[in-house]
Structure formats: C-alpha cells, structure tokens
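The values are calculated or read from the model by the stated rules, or taken from the named source; none is laboratory data. The structure presented is a predicted model; accordingly, all values stated were derived computationally and were not measured. Heads up, the Cβs are rebuilt from the backbone with ideal geometry, glycines too, and the neighbour counts pull from every protein chain shown. Remember, those area values only see protein heavy atoms, side chains included, never the ligands or the DNA or RNA. Shrake-Rupley method; radii C 1.70, N 1.55, O 1.52, S 1.80 Å.
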Amino acid sequence: RIDIPRQELFWNIYYQGETNFTYLMNKWRDYDEPRQAGNKVDPKDYESARVDSLHMFYYPFVIDWLNIIPRAGFRLTYYSKTPKDGLNQHEVDTLFIVDDQGGGDPPGDVVNYRGTKENKLRFIGELGFEANTKISRAWNDVKNAFWGIDGIRHVMVPYLNYNFTPPPTIKPKNLYYFDDIDRIDEQHFVRLGYKNRLETRRGEKKQELYTWASLENYFDFHFDHQAGYDALGDFGTIFEFNPFPDFKLRSELLVDAANFSVQKFKTDFTYTITKRWKTFIRYNYQANYMQRGTYSMGSSLADIDSSSAFARQVNKNQEVSFGLDFPITEKTRGEFEVAYNVRDHNIEQGRIRLIRNLHCWEVALEYAVRQRQDDMGKKYFQNNVMFMLYLTAQPSVKIQ
C-alpha cells in the first residue's frame with residue numbers, strides 16, 4: 001500500500017491519493033449442524049486479486065468568513081476474478097446473517113456467486129465540496145478544581161458537505177464483495193451538520209487545550225430516489241464527555257428523519273479505577289431497519305453504523321454488557337465480561353480470560369458461555385475454550 005497525504009501541487013491545487021494491492025479470500029464458517037429453514041445451502045468461499053488506486057484533487061479558498069473546499073477525483077479498481085452471476089444487496093446480506101448466527105436461519109434462501117470471469121477494471125468518479133466556518137467564544141474566568149476547568153472555550157463549526165458519485169462502470173452486484181471498496185455505487189446527497197466542542201486548559205508547566213466535551217449533529221438529504229427510501233435520510237447525534245482522563249462517556253443516536261423513529265441508540269461508559277483496574281458498561285439498542293449509504297471517496301463523514309457505509313439490513317437487538325479488567329500478578333491480568341440480551345431474556349455471552357505478558361507477546365486462555373435457542377424455542381448453553389497468542393503491539397496479529 002502507498003499513501004500520499006494531502007499536499008499542494010501548484011496554484012493552490014492539492015492532491016491526495018492511495019494505491020494498494022491485495023489478494024483477498026472470503027472464507028465462510030464451517031457449520032457443525034445443518035439449518036432447519038430456507039434452502040439449507042451453505043455460503044461458498046471466493047477469492048480475487050485486487051489493485052485499487054484513488055486520486056483526489058482539492059482547491060480550497062476562503063470567502064470572508066466561509067471556508068470552501070471543492071473536490072474532484074476518480075478511482076480505478078482492477079479485479080483478477082469476478083462472478084459470472086452476481087448477487088443483489090439482499091442476497092449478500094443473507095450470507096452475512098447466516099455467518100453471524102453460526103449457521104442460523106436466515107430471512108431467505110442462501111444464494112452463492114456462480115461461475116467465474118476474469119479481468120475487470122472499474123472506474124468511479126466523484127464531485128463535491130465542503131463548506132464550513134468556525135465560531136468561538138471564551139470565558140477565561142470560569143474555574144473549577146474538581147472538574148479540572150481552567151477557563152472554558154466553546155467552539156462551534158457548522159458545515160455542509162455535498163457529494164455526487166455517478167454510477168460506476170461496473171455495478172456492485174457484479175463484483176465479489178470483500179469490503180466497502182467493492183460496494184461503491186451511485187451517491188447524490190448533501191449533509192448538513194455542526195460540531196460543538198467545550199475546551200479548557202490542562203497542565204502545570206506547559207498548558208495545552210483539552211476537549212472536555214463534544215457534540216456533533218448531522219442530517220442527510222438524498223437527491224437520488226431509491227426504492228424503499230425517502231429523500232430525507234438520517235439524523236445523527238454523537239456525544240462525548242471526557243471530564244477526566246480516566247472517565248469517558250460516549251453516546252450515539254440515529255433517528256430516521258422521515259418518520260422520526262429511533263433506529264439506533266448506543267452508550268458506552270468506561271472508567272479506569274487505577275492504572276491496572278478498568279471497568280465498562282455498555283447499552284446498545286437497534287431496531288429493524290434498512291440502512292441507507294452515505295459514502296465519499298474524498299471526504300470524511302461521521303458514521304454511527306460503522307460496519308458499512310452502504311445499504312444493509314440491521315436486525316432488532318437490545319443488549320446490556322458489563323466488563324472488568326483486573327491484575328493478578330505483575331505480568332498476569334484477567335478480563336471478565338458478560339452481555340445480557342434484553343429482547344430475548346438470555347445471556348448473549350459471558351467470558352473470563354487470563355492473560356500473561358511475555359514481553360512482546362501475550363498468551364491468553366479464555367472460557368466463554370453463550371445461551372442460544374434451538375428451532376423449537378428451547379434455550380441451551382454453548383461452552384467454548386480458546387487459547388490465543390498475539391503481539392502486544394499489534395493484537396490483530398494472532399493465532400487462536
């Protein structure tokens with residue numbers, strides 16, 4: 001992968017780009033038991049080499065108090081293999097629902113990619129602009145020792161982000177799906193929003209700005225009409241409260257602006273009791289809804305449903321979880337977590353993990369239990385034991 005950070009080329013024209021080569025393999029789970037509903041077909045593995053190259057250009061300028069950043073760019077993506085018969089959005093979602101449920105019953109039949117074609121090159125363009133300004137006010141005489149406040153500054157940044165992506169030369173349904181790069185489709189929307197920050201000064205010898213709390217609200221309006229969706233998109237709220245370095249609260253709320261229904265609400269509280277004792281409490285609620293995509297290749301957008309930037313089916317769920325990290329010896333610690341499914345009235349997962357530090361490696365032994373329902377609605381428990389070995393500096397590199 002080669003990333004080129006944003007930099008000026010000439011005459012106030014800026015360039016930003018990235019190019020990467022990957023060989024991708026999507027390997028689905030192997031299931032212990034056959035499903036009882038649908039066509040009882042298992043998802044089939046697929047693979048392809050992919051070369052992806054993105055090139056974006058910007059021309060920022062200022063009109064009095066308003067910052068305006070027009071952008072234009074394109075993306076070229078080469079695939080060594082593509083399916084002869086592709087899948088629509090619902091069929092792709094069904095594959096992942098089956099996999100997430102460990103072979104459970106999907107809302108429809110499992111349909112796999114069929115046949116293989118070679119060598120396809122996709123082209124995608126993008127036009128858009130962002131406009132914003134910054135409004136601030138300070139109260140230097142506000143002080144509070146308990147809350148760590150030494151003066152308060154309120155910063156508000158209203159913004160508008162317009163994006164137009166015409167249909168790509170190859171539709172997503174005719175490509176293997178690995179990640180959001182393969183799902184890019186026509187986009188035509190505008191996002192209106194504003195960011196708020198409350199800042200204070202922290203530090204004894206060298207004072208620095210500290211974000212005490214922040215709030216972002218945004219609203220999407222879509223110009224293109226899609227079946228099952230209104231032009232009015234989502235209204236999102238992201239709130240963070242960090243009065244102390246060891247105390248963090250983050251809440252996310254997503255509302256369907258067309259019918260004023262709550263689609264998702266999540267709150268996450270973490271507290272560092274001491275250097276080695278940490279605890280968290282999480283609450284997550286989501287309704288049954290179809291998420292509509294808002295995606296830009298050249299601009300960052302706040303995202304509450306971070307699993308995908310494109311349309312997908314979200315299933316109803318309501319869950320409360322609690323966890324604790326605790327020390328055992330100087331190089332050994334434990335982790336405990338339990339998640340309770342409020343909707344189904346069962347233990348979604350309970351686990352305890354013992355972790356031993358071996359300098360640049362860590363080894364962990366975990367016992368986990370899950371409460372499930374069979375096809376007749378009877379509850380039963382699944383027990384799992386797992387051994388893991390991973391790098392301390394990069395936990396994603398692991399053997400388990």
**OP:** For Glu199, Glu8, write out the residues from largest to smallest accessible area, computed with a 1.4 angstrom probe and no ligands counted.
**Re:** Glu8, Glu199
Subject >> Cut-off 15 Å, label 7 Å out along Cα→Cβ of Asn259, residues of segment 281-301 by amide N >> reply: 287-292
Original post:
Can you work out the FRET efficiency for the pair Val41 and Thr211, with r the C-beta to C-beta distance and R0 = 45 Å, to the nearest 0.05?
Top reply: 0.35
**OP:** Multiply the residue separation of Val51 and Glu8 by 0.36 nm, subtract the distance between their alpha-carbon atoms, and state the gained length in nm to one decimal.
**Re:** 12.9 nm
Subject >> segment 76-180: translational diffusion in µm²/s, Stokes-Einstein, Kirkwood Rh over Cα pairs, 20 °C, 1.002 mPa s >> reply: 113
Subject >> Cross-link reach list, aspartates and glutamates versus Lys378, counting only Cα pairs under 13 Å and skipping chain neighbours closer than eight places >> reply: Asp344
**OP:** Report ³J(HN,Hα) in whole Hz for each residue of segment 237-244, in order, from the Karplus equation J = 6.51 cos²θ - 1.76 cosθ + 1.60 where θ = phi - 60°; Gly and Pro get x.
**Re:** 9, 10, 10, 10, 10, 10, x, 10
**OP:** Order these peptides, 127-135, 354-362, by their mean beta-carbon neighbour count within 10 angstrom, highest first.
**Re:** 127-135, 354-362
**OP:** Using all C-alpha to C-alpha distances in segment 1-154, build P(r) with 5 Å bins and read off the rounded percent in each one.
**Re:** 2, 7, 10, 11, 10, 9, 9, 9, 9, 8, 7, 5, 3, 1, 0
Subject >> Residue-normalised accessible area of the chain, expressed per residue, 1.4 Å probe, Å² >> reply: 58
Original post:
What FRET efficiency do you get for Phe269 and Leu192 if R0 is 41 Å and r is their Cβ-Cβ distance, rounded to the nearest 0.05?
Top reply: 0.85
Subject >> Gyration tensor verdict on segment 119-229 (Cα atoms; rounded if a/c is under 1.5, prolate if a/b is larger than b/c, oblate otherwise) >> reply: prolate
**OP:** Only loop residues by DSSP count here, and only those with at most 14 other Cβ atoms within 10 Å; note down the chymotrypsin sites (Phe, Trp or Tyr not before Pro) in segment 37-74 that meet that.
**Re:** Trp65
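In nm², what is the average projected area of the convex hull enclosing the Cα atoms of segment 224-341?
Approximately 9.9 nm², given one-decimal rounding.
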Original post:
So what's the projected area for the chain, the Cα convex hull averaged over all directions, in nm²?
Top reply: 24.6
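To two decimal places, what compactness ratio does segment 205-292 give when its Cα radius of gyration is scaled by 2.2 N^0.38 Å?
1.46
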Subject >> Calculated FRET efficiency for the pair Lys117/Leu249, C-beta based, R₀ 35 Å, to 0.05 >> reply: 0.10
Subject >> segment 326-368 and segment 152-194: distance between their alpha carbon centers, rounded to Å >> reply: 37
Subject >> Gain upon complete extension [Tyr283, Asn67; 0.36 nm per residue less C-alpha separation] >> reply: 73.9 nm
Original post:
How much of the accessible area of the chain, probe 1.4 Å, is carbon plus sulfur, in whole percent?
Top reply: 57
